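None of the figures in this text is laboratory data; all of them are computed from the coordinates on show. All figures in this text were calculated on a predicted structure; none of them were measured in a lab. Cβ placement follows ideal geometry from the backbone for every residue including glycine, while neighbour counts extend to all protein chains displayed.
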Amino acid sequence: MELQSEREEGGRGGEGGRGGEAGGEAVRGGEGGEAVRGGEGGRGGEAGRGGEAGRGQKSGMKRTHEEEEDEEVSPKKLVTDHSVKVASHYNRLQEVGLAARSRSRIFFMRNFNNWLKSVLIGEVLERVRGAGSRQVSVLDLGCGKGGDLLKWRRGGINHIVCADIAAVSVEQCESRYDDMKKKSHVNEKIFSAQFITADCSKEVLSEKLDDPEQLFDICSCQFVYHYSFESEQKADMMLRNACERLKPGGFFVGTTPDSYELVKRLEASDSLSFGNEVFKVSFQSKGAYPLFGCQYHFSLEEVVDVPEFLVYFPLFVHMAKRYNMRLVLKQRFSEFFEEKVKKEQHRSLMMKMMALEPFPCETGGRQATDSRGEYSHAKEHCGRAPLGTLSRSEWEATSIYLVFVFQKMS
């Protein structure tokens, strides 16, 4: 379930400060309408990959009735390879301009997710450099259209390998990189890059590297890993590609849906689906959830409309041990936000990225939605000069996700 923001950086860069004062409060509505301290800002220019939750602005590829019938043409039901659907979906997505992105119903949610990824990437880069690495190499596993390239540029890395299953996305990622190099300052040294189109849940990525001896300090897998949990073989291959070329002490970081949260909401529902005006999750059944291949369908306004699979996290941790990886961080987005927003630098970044919606909106303006009750949680805290908020529907959508960080043991 990848939120578009994750893949497409954009947004109205340079408009820092709109949305409240740096010392104010951000109001979190989500599922309970709790208030959360702080708010944060940063460099503008990142509006939504994926992404992030994952992959960029991905508007939906809805399966037609004909496609569904084709899957049952023969007496033996054909086994569907869902990675083909995922690749087709993201290949069909169109690039849109900043103006169109800013009109999106989930504009602020995409910015929020992008801010969260920026903080995660920035802190991991600090740890890598703190351990003495001067030449930093990165593997972006599921790079999409290149929404995180600016983050790596600001992080001052030296080399990146961008890999994705969707050929069109990889082409757009490479084009974005080339454009970034052309527009860079005369004295600025932009990192080198390699771009690979591959199904990283099936193919061995190390065999496709320009440098067969290449090792990485960081592997970043944003809003992507859950696609591989279709089978044990795919999940293991994805892990192998993420971890086998990491240096000792290197990090595997990412974002993925929280299976416990998804199942909790499903079990609380009177039907096989749940959601609101911006997202919907549909399961085929409830009550039994296999370790692999537990499929659900996720749709997010203008961004995603694909099959996904639950990632049973204890099993994920166990599988990672095969590659000498240990879990060092696992937090839901809400927990990560509440912790990081306490720092002034992160609040500043949040403002610059417009990661929260001003509330109440500026004179003459409108909130992202007029639906009743979408800002009731924010109204409760108006007297405390909140930095900003997301609508209740956006909080509920983004609170499905979690952040993870693994480190390779020596």
query = FRET efficiency for Ser175 and Gln233, Cβ-Cβ distance as r, R0 = 41 Å, nearest 0.05?
reply = 0.80
ask   = Under a point spin-label approximation (7 Å from Cα along Cα-to-Cβ), what is the Glu339-Gln214 distance to one decimal in nm?
value = 3.1 nm
remark   = Final fewest-first order of Glu126, Glu244 on the 10 Å Cβ neighbour count is Glu126, Glu244
key: Long pairs among Lys145/Lys181; Lys117/Lys181; Lys208/Lys234; Lys145/Lys183; Lys286/Lys321, criterion Cα-Cα beyond 21 Å   = Lys117/Lys181; Lys286/Lys321
query = For the residues His185, His226, His346, what sequence is obtained by ranking on other C-beta atoms within 10 Å, fewest first?
reply = His185, His346, His226
request  = With r as the distance between the Cβ atoms of His185 and Ser285 and R0 = 41 Å, compute the FRET efficiency 1/(1 + (r/R0)^6) and round to 0.05.
outcome  = 0.15
query = So for Cys219, Cys143, Cys200, fewest C-beta neighbours within 10 Å to most, what's the order?
reply = Cys219, Cys200, Cys143
